[in-house]
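Participant: Structure provided below as structure tokens; questions to follow.
The values are calculated or read from the model by the stated rules, or taken from the named source; none is laboratory data. Because the structure is a prediction, the values reported are computed rather than measured. Positions of Cβ are backbone-derived with ideal geometry, glycine not excepted, and every protein chain shown enters the neighbour counts.
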Amino acid sequence: MAVSRRRFVGGFAAAMGYVGLAPETDLFALGQSTASNAAGSSYLSDKIKKAMEEYDGYAKLSNNENPYGPPESVMKAMTDAFKYANRYGSPDGGIVDAIAAHHGVKTENVLIGEGSSELLDISDAAFTRGGRKVVGADPTYATIFQYAAGTNSQGILIPLRADFTQDIPAMIRAVKTHYRDVGLVYLCNPNNPTGVIVRKEEVKQLLDAVPDDVPVLIDEAYHHFVEDPNYETSTKYVLEDRSVIILRTFSKIIGLAGMRLGYAVAPKRLLDQMKVYSINYGVNQIVRYGGVAGLADTAAQDKVRKINTELRTKTTKELEALGYPVIPSQTNFFMVQIDRDVVQTGADFKKRGVLVGRPFPPMTKHLRVSVGSAAEMDRFMKAFKEIFPVRTAPGKSGIGR
Ligand code: PLP
């Protein structure tokens, strides 16, 4: 424990020094804990301890997680709630009320799930039955298409434009052309894997054009990282009773990916269709309290957003100075144009203790990199310089088909 604490303070101080924040705060405590915690756990097999040690040793830049872990306020709320771990019917911290109040909607407009993944799953179950199709960008966060394939539905994939934005007019055309077959439109804003936003006027253009009986699911998993004023959340459309479902997650800015909590904000008529597929009582009682505390702790969110932007900007500049263009991102990840096989590149990084993003076809020239802590980004840059030569003439920009 002492070792872990020392390592935590070191990493934390480095990160804090970088952004000039007070090193005493415990915002990052969990993110820096190491395998040494497991060493004394006699119930774990040696195989598992080794796996933990290996995992903990990586710079984890592959899954767009929050490297700092949940803030102190959230940890305290969950620790205090642990007394309910043995109960079914205990108070749940008022998570649905807190989310409704946060967005200025009624509780009937909120549905929580085991991460937003569960809500993607049940949206698919509710709206693509009978093989109805999902319209979405290519590439985007593909989970909805994977769920759709599982229910014998398919995606209608709309290529990104040359500037990596989502092609809203083409999405509208696809919905109109295939109107009878389309069950759902999926819009990831900002988009994963590019980190690019859909401008607010284009969101409106899409919602104005799509017929009311085709719900538009807007996945705002990375909402909290955006600083571009051309972006806005689409929750206001729920108040207008438009056919939209907004998804949010506690996995990113609040750092609770492993605890599984996300939610949908939507008109009651849409949630009623989704609820029949949701797992009753699936979300654990402990994280519900963490969610309430996390929503309220805007200071912690601001800190994470600030550090994220600074580290993303710093890394982007370093990569571009080496001759590798980066797609301007509004999120806690970015894509760098490497013009090299992503799978091989991932293996080369892994050998150097750094995990980077998977391939996102058809963007075969680009590598997705999550923004980790300052120490992790240093490790990334060191590995990058070993793997990639300095270039004087960057490759031709483009999606990479
Ligand atoms: N939506 C997007 C765009 C994501 O990138 C992710 C995870 O990376 C998710 C949803 C799922 O998040 P969770 O199930 O942890 O809430």
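Participant: Among the residues that make up region 384-397, is at least one of them crowded, with 18+ Cβ neighbours inside 10 Å, in contact with a strand residue (DSSP E or B) (Cβ under 6 Å, 6 or more places away or on another chain) and touching a residue at least 12 places away in the same chain (Cβ under 8 Å)?
Facilitator: No: region 384-397 contains no residue that is crowded, with 18+ Cβ neighbours inside 10 Å, in contact with a strand residue (DSSP E or B) (Cβ under 6 Å, 6 or more places away or on another chain) and touching a residue at least 12 places away in the same chain (Cβ under 8 Å).
Participant: Hey, another quick one. Restricting attention to region 48-85, report how many residues are closer than 30 Å to R379 by Cα and either modelled with pLDDT under 95 or part of a helix (DSSP H, G or I) (or both).
Facilitator: Matching residues across region 48-85 total 14.
Participant: Answer yes if at least one residue in region 327-343 is among the small types (G, A, S) and surrounded by 22 or more Cβ atoms within 10 Å (Cβ to Cβ), and no otherwise.
Facilitator: Yes, region 327-343 has at least one match.
Participant: Next question, about the same structure. Being hydroxyl-bearing (S, T, Y), in a loop (DSSP other than H, G, I, E, B), over 22 Å from the mean Cα position of the chain (by Cα) and more than 16 Å from the ligand (Cβ to nearest atom) narrows it down to one residue among Y277, Y281; which is it?
Facilitator: Going through Y277, Y281 in turn, just one is hydroxyl-bearing (S, T, Y), in a loop (DSSP other than H, G, I, E, B), over 22 Å from the mean Cα position of the chain (by Cα) and more than 16 Å from the ligand (Cβ to nearest atom): Y281.
Participant: Looking only at helices (runs of 4 or more DSSP H) that lie completely in region 86-166, which have at least 2 residues being in the same structural domain as T235 (by TED's automatic domain parsing) and closer than 22 Å to K236 by Cβ?
Facilitator: Passing ranges, in order: 95-103, 115-127.
Participant: Sticking with this structure for a sec: Is it true that V354 is buried (at least 24 other Cβ atoms within 10 Å of the Cβ) and in contact with a helix residue (DSSP H, G or I) (Cβ under 6 Å, 6 or more places away or on another chain)?
Facilitator: Answer is yes for this residue.
Participant: Do the conditions hold for M16, that is, is it in a helix (DSSP H, G or I), modelled with pLDDT under 95 and crowded, with 18+ Cβ neighbours inside 10 Å?
Facilitator: yes
Participant: Here is a follow-up. So which residues in region 284-341 are of a type in the set (S, T, N, Q), within 17 Å of the chain's Cα centre (by Cα) and within 19 Å of S62 (Cα to Cα)?
Facilitator: N308, T309, S329, Q330, T331, N332
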